[in-house]
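The values are calculated or read from the model by the stated rules, or taken from the named source; none is laboratory data. Computed from a prediction, not measured in an experiment: that's the story for all the values here. Here the Cβ positions follow ideal geometry from the backbone for every residue, glycine too, while neighbour counts run over all protein chains shown.
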Amino acid sequence: MMNPASEDIKDLLAAESSLALTFATNLFIAKMPIDPDLCVSVNDTGGYDPEVDYVYDRPTVQIQVRGPKGDYIVGHELAQDIGETIHGVNNQTVNATRYIGIWREGDVIALGFDDNDRPLFSINFRIHRTDT
C-alpha cells in the first residue's frame, strides 16, 4: 500500500537542502500551525481517476506557503523554489513508491493574507505513481 502522496512529497522537500525545510519545524502535512511565520504545508487534494488497468495512481497535492509578516517576496520565492524542485521529478522512488512523474499545474497562486498579515501562497501538482 502506498503512502499518501503528501507524505512522500514532504520527504522530497525535506531532502532538498536549499529549501531549508524540516518536518514538524517549518514543514507540515495538512496543517499550518500558528508558528513559525515562514512555513509550508503539503495537502492531499484528491486527484484523478486511476488508469483503467490500474497501472498507476494519479493523486494531486497542493503545497501552501506562508511568508513572514510584511514580506510578500520571501514567501513567493519559497513557493517558486518549491515548484522548481518538485516539477519534473520522474522515475524516482520515494518511500517504496515509484514516482513516474510530478508536474506543476499552473503558477504560484497568491491567496491573500492570514489574520496576522502574513502572505499566503499555493502551488498545485499532479502526480503519476505506482508501487515499486
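Listed here are the residues, each with its yes/no results for (1) over 17 Å from SER6 (Cα atoms); (2) not β-branched (Val, Ile, Thr).
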residue	(1), (2)
LYS69	yes, yes
HIS87	no, yes
ARG98	no, yes
ILE102	no, no
ASP115	yes, yes
LEU120	yes, yes
In segment 1-55, which residues are assigned to a strand (DSSP E or B) and of a type in the set (A, V, I, L, M, F, W, C)?
-> PHE23, LEU27, PHE28, ILE29, CYS39, VAL40, VAL42
What residue, of GLY88, GLY106, GLY67, is at positive phi and either modelled with pLDDT under 95 or in contact with a helix residue (DSSP H, G or I) (Cβ under 8 Å, 6 or more places away or on another chain) (or both)?
-> GLY88
Among the numbered conditions (1) in contact (Cβ under 8 Å) with a residue 24 or more places away in the chain; (2) out of contact with any strand residue (DSSP E or B) (no Cβ under 6 Å at 6 or more places or on another chain); (3) in a strand (DSSP E or B); (4) of a type outside the set (Gly, Ala, Ser), tell me where ASN91 comes up short.
-> (1)
Which numbered condition ARG104 fails, given (1) surrounded by fewer than 17 Cβ atoms within 10 Å (Cβ to Cβ); (2) without any contact (Cβ under 8 Å) to a residue 40 or more places away in the chain; (3) among the basic types (Lys, Arg) | (1)
Residues within segment 107-132 that are assigned to a strand (DSSP E or B), surrounded by fewer than 19 Cβ atoms within 10 Å (Cβ to Cβ) and among the β-branched types (Val, Ile, Thr), tallied | 2
